1. Within region 18-30, take every residue that is in contact with an Asp or Glu (Cβ under 9 Å, 6 or more places away or on another chain) and within 14 Å of Val49 (Cβ to Cβ) and give me the one that is modelled with the lowest pLDDT.
2. Report, by residue number, each residue of region 17-51 that is surrounded by fewer than 16 Cβ atoms within 10 Å (Cβ to Cβ) and closer than 16 Å to Asn86 by Cβ.
3. Tell me, please, whether a residue that is touching a helix residue (DSSP H, G or I) at 6+ places or on another chain (Cβ under 6 Å) and either basic (Lys, Arg) or surrounded by 10 or more Cβ atoms within 10 Å (Cβ to Cβ) (or both) can be found in region 52-69.
4. Among the residues of region 70-87, are any touching a residue at least 24 places away in the same chain (Cβ under 8 Å), assigned to a strand (DSSP E or B) and either among the β-branched types (Val, Ile, Thr) or farther than 16 Å from Val42 by Cβ (or both)?
Amino acid sequence: MLLAHPTRQRWDGTYTIPKGKVIKGEDKIDAAIRETKEEVGVYIDKSDVEPTEYCVEYRTKKGYLYKKVYYFIVRIKNDVCVHVDNREINWAGFLTKEESESKIFWRF
């Protein structure tokens with residue numbers, strides 16, 4: 001799993017997938033591809049993205065929905081070089097499922 005660490009966050013429990021807002025004229029897959037390239041320097045071919053859309057909802061303690069994050073599964077076919085510029089992300093890399101769970105799901 002490709003995870004990134006936001007520059008201005010403490011290290012423990014703040015890893016995330018590359019993500020951002022969908023801009024006008026984009027679909028969710030195009031936005032995910034663009035954000036991944038911008039944040040971690042990894043280009044994804046749209047044909048490598050599985051069409052199933054997944055969603056994680058973030059809610060307040062009172063149950064109000066305040067954020068939805070959509071994500072997709074991509075099957076990487078070649079070696080990938082990750083590059084971060086430290087403006088938004090100060091670390092990114094591929095981790096196993098177990099490693100990822102220990103870093104990304106700290107709020108749940």
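1. Pro18
2. The one that is surrounded by fewer than 16 Cβ atoms within 10 Å (Cβ to Cβ) and closer than 16 Å to Asn86 by Cβ: Glu38.
3. Within region 52-69, not a single residue is touching a helix residue (DSSP H, G or I) at 6+ places or on another chain (Cβ under 6 Å) and either basic (Lys, Arg) or surrounded by 10 or more Cβ atoms within 10 Å (Cβ to Cβ) (or both).
4. yes
The values are calculated or read from the model by the stated rules, or taken from the named source; none is laboratory data. As the structure is a prediction and not an experimental result, all values here were calculated from the model. Every residue, glycine among them, receives a Cβ derived from its backbone with ideal geometry; neighbour counts consider all protein chains shown.
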